[in-house]
1. Please go through the stretch 120-138 and pick out each residue that is touching a residue at least 60 places away in the same chain (Cβ under 8 Å), more than 17 Å from the chain's Cα centre (by Cα) and surrounded by fewer than 22 Cβ atoms within 10 Å (Cβ to Cβ).
2. From the list Asp51, Asp78, pick out the single residue that is over 20 Å from the mean Cα position of the chain (by Cα) and not aliphatic (A, V, I, L, M).
3. Among the residues of the stretch 120-159 satisfying the criterion of being of a type in the set (Gly, Ala, Ser) and outside any loop (DSSP other than H, G, I, E, B), which is nearest to Cys74 (Cα to Cα)?
4. Does Thr261 qualify as being more than 29 Å from Asp301 (Cβ to Cβ), without any contact (Cβ under 8 Å) to a residue 24 or more places away in the chain and assigned by TED's automatic domain parsing to the domain that holds Leu188?
5. Could you look through the stretch 301-324, keep only residues that are free of Cβ contacts under 8 Å to residues at least 24 places away in the same chain and on the phi > 0 side of the Ramachandran plot, and pick out the one that is nearest to the chain's Cα centre (by Cα)?
6. Would you pick out the residues in the stretch 285-300 that are surrounded by 12 or more Cβ atoms within 10 Å (Cβ to Cβ) and either without any contact (Cβ under 8 Å) to a residue 12 or more places away in the chain or in contact with a helix residue (DSSP H, G or I) (Cβ under 8 Å, 6 or more places away or on another chain) (or both)?
7. Restricting to the stretch 183-203, and then to whatever is within 14 Å of Glu340 (Cβ to Cβ) and not hydroxyl-bearing (Ser, Thr, Tyr), can you tell me which residue is surrounded by the most Cβ atoms within 10 Å (Cβ to Cβ)?
8. Among the candidates Asp39, Asp28, Asp59, single out the residue that is among the acidic types (Asp, Glu) and in contact with a Leu (Cβ under 8 Å, 6 or more places away or on another chain).
Amino acid sequence: MSTAMKVAFCGLRHPHSDAHMRTLGHSDRVSEVIVYDEDSSAVDSAKTNFDKVQQGYTDLDSLIAEACPVGVACLPNDANAGLCVRLLENGAHVISEKPIGSSVESVREVVRAASDKDRTLGVMYQNRYHPITQEARRLIFEGAVGEVTTCELRMVTSQVRFRDPGHWLFDKAVSGGGILSWLGCHYLDLLRYLLGDEAVSVSAMVDTRSGEAIDVEDVASMTVRFSRGAIGSLQAGYQLPISGAGYMGPSYDSYISIRGTHGHLIWRPSNDPPQLEVTSVAPGWEMAPVRTFDFTVADNDAYGGVYGVAFLDGFIDAATKGGAPPASGSDALEVGKIVEAAYQSSEEKRHIDIGRE
């Protein structure tokens, strides 16, 4: 086990900041947290509400001077990449909220800074550690579905009106994009992770259909070709008319299906209890070609529950002991390239090839 350490947390007003702070609270890799936000009331609130917070600053230079070995970056997208670079150049390993920056080029600069400083850069794609993700990936890699041919994903959530249309997430100059860069990215990363493959081309249509005064897409439909030939589709949108308010209590309608030459698997992440359905004619499945796996997923109030804490711990272990983090800056860059290609495809009304780094 790694020695517990002091962690710097930057950005207390991000929609996920409180959830990430709770994750740090559950991690035995973290002994102390120092926080930064320009808003002094947010700093005071963190000191009151989170036991591990020992110090807080409204001046970033003061936090940087603490030289914490690990930094967590949660500023708005247009400022977050620059924060990551500063932390990395000061010697910290950094785990960032997705998408790391508001453009592919800004994410690329952060990845380059991590490489130049030999620091570990991670991104909060913690759904990789969901037990169903892990089981589905194992089955795919073991050949249960054969050669993957197509993938279908749906990520539909509550309408923009439930999520504060005036928030920076719906301001393109700050966020860089809408539903794809904020939520669809999770599913695009899961698809890359489940297949162990990279996207090579994209065709997409995106639009703003909510009627709210926003300038980012709130609906998107896209198709992705992977290097080994599989074709994947993603339907995403802020569309559900009934929901709780806020960012941590919305409604979802989600679906993931991976189909191949020997079978398919289906996961409906929005359904409870969690369940994975598998049909296979691969060797070893003859006696029971149709199976359903039920999961009781351990929970706490961390972002992602127990598996979210394991994801964070995996990053800290990679940073302190070496090895790859659970989701790297390069993963964020690849997802960003898919999203940016989708925007380009929609705007130019053509198929877009994705270049390799």
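1. Passing the criteria: only Glu135.
2. On the way: Asp78 fails: over 20 Å from the mean Cα position of the chain (by Cα).
When all the criteria are applied, what remains is Asp51.
3. First, the residues of the stretch 120-159 that are of a type in the set (Gly, Ala, Ser): 122, 136, 143-144, 146, 158.
Subset that is outside any loop (DSSP other than H, G, I, E, B): 122, 136, 158.
Details: Gly122: 13, Ala136: 30, Ser158: 23 Å.
It comes out as Gly122.
4. Judged against the criteria, Thr261 is not a match.
5. Per the stated criteria, the residue is Gly305.
6. Step one: filter the stretch 285-300 for residues surrounded by 12 or more Cβ atoms within 10 Å (Cβ to Cβ), giving 285, 289, 291, 293, 295, 297, 300.
Hits for the stretch 285-300 are Phe293, Phe295, Val297, Asn300.
7. Selected residue: Leu188.
8. Numbers: Asp28 fails: in contact with a Leu (Cβ under 8 Å, 6 or more places away or on another chain); Asp59 fails: in contact with a Leu (Cβ under 8 Å, 6 or more places away or on another chain).
Being among the acidic types (Asp, Glu) and in contact with a Leu (Cβ under 8 Å, 6 or more places away or on another chain) holds for just one of Asp39, Asp28, Asp59, which is Asp39.
The values are calculated or read from the model by the stated rules, or taken from the named source; none is laboratory data. Because the structure is predicted, anything quoted here is derived from the model rather than measured. Heads up, the Cβs are rebuilt from the backbone with ideal geometry, glycines too, and the neighbour counts pull from every protein chain shown.
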